[in-house]
Structure formats: structure tokens, C-alpha cells
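Single-structure report; data block below.
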Amino acid sequence: MNKYISLIFIFGLLIITACKQEKNETKVAIDGQTWWKEGILYQIYPQSFKDSDGDGFGDFKGVIEKLDYIDSLGVSIVWMNPFFDSPLVDNGYDVADYRASILGTAI
């Protein structure tokens with residue numbers, strides 16, 4: 001179940017980012033620029049980004065609370081570091097269980 005909630009959350013972030021960039025997409029198409037070259041990237045390490053429940057670790061709700069702020073910076077690409085169960089040998093990229101989110105759910 002957590003796997004699906006995590007995937008839905010990531011998909012939702014991508015949709016929100018894409019919808020808020022309609023004006024920029026038009027400009028990019030007119031200027032002949034490409035988003036992966038000229039886009040503004042904002043990387044989020046969720047565990048330390050924003051703690052919404054006071055347990056000392058960032059969580060999905062904290063990320064969601066700050067989406068408007070990230071948008072106000074003119075960001076066109078959001079990269080979220082891994083948030084799955086991991087031994088943290090490789091900053092979370094060494095996932096131990098893709099079904100176990102360490103951040104809980106966005107609900």
C-alpha cells in the first residue's frame with residue numbers, strides 16, 4: 001500500500017510542477033530552449049527539508065507545505081532524493097525495500 005501512495009505522491013508532484021510551468025513552457029518553445037538545459041532545478045532531501053509533525057525528520061506533508069514557495073523561486077524541475085528504507089551507505093540510493101517509505105504517507 002505504501003508503495004502505491006509513494007508513487008501517487010511522486011506523480012502528483014510531477015503534475016503540479018508541469019501545470020504551474022505552462023507560461024514557461026510556452027517561452028521555452030518560442031526561444032528554442034530545452035527544459036533539461038535551461039531549467040531551474042531544485043533538489044529536495046526530504047528527511048531534512050521540512051518537518052511537519054515535530055518528530056525531527058522531514059516528511060511528505062512538509063514537502064507539500066512548501067510547494068508554493070518552491071514555485072515562487074521559478075523552479076521548473078524538482079528532484080527528490082530517495083525516501084525508501086535504506087541502510088544509508090549511499091545516501092539512500094541503496095534502497096533495501098522499495099515498498100517501505102521512511103517518511104510515511106502524504107495523507
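What to note about this one:
- Remark on SER86: its backbone amide H falls under 5 Å from those of ALA96, a criterion applied only to residues 5 or more positions apart or on other chains, H modelled at 1.01 Å from N.
- Oblate is the label for region 30-99. Its Cα gyration tensor axes, ordered a ≥ b ≥ c, give a/c of at least 1.5 and b/c at or above a/b.
- Estimated distance in nm for a label pair at ILE40 and ALA96, the labels positioned 7 Å out from Cα along Cα-to-Cβ: 3.8
- Using the Cβ of GLY62 as centre and a radius below 15 Å, the other residues enclosed give a net charge of -3, where K and R count +1 and D and E count -1.
- Proximity of backbone amide H atoms, modeled 1.01 Å from N, is registered between MET80 and ILE44 at under 5 Å, excluding neighbours fewer than 5 places apart on the same chain.
- Sequence of ASP85, ASP59, ASP90 once ranked by neighbouring C-beta atoms within 10 Å, starting from the fewest: ASP90, ASP85, ASP59
Values quoted throughout were computed directly from the atomic coordinates according to the rules given, and no laboratory measurement underlies them. Note that the structure is predicted; figures quoted are calculated from it, not measured. For neighbour counting, all protein chains shown are included, and Cβ atoms are generated from backbone atoms with ideal geometry for every residue, glycine included.
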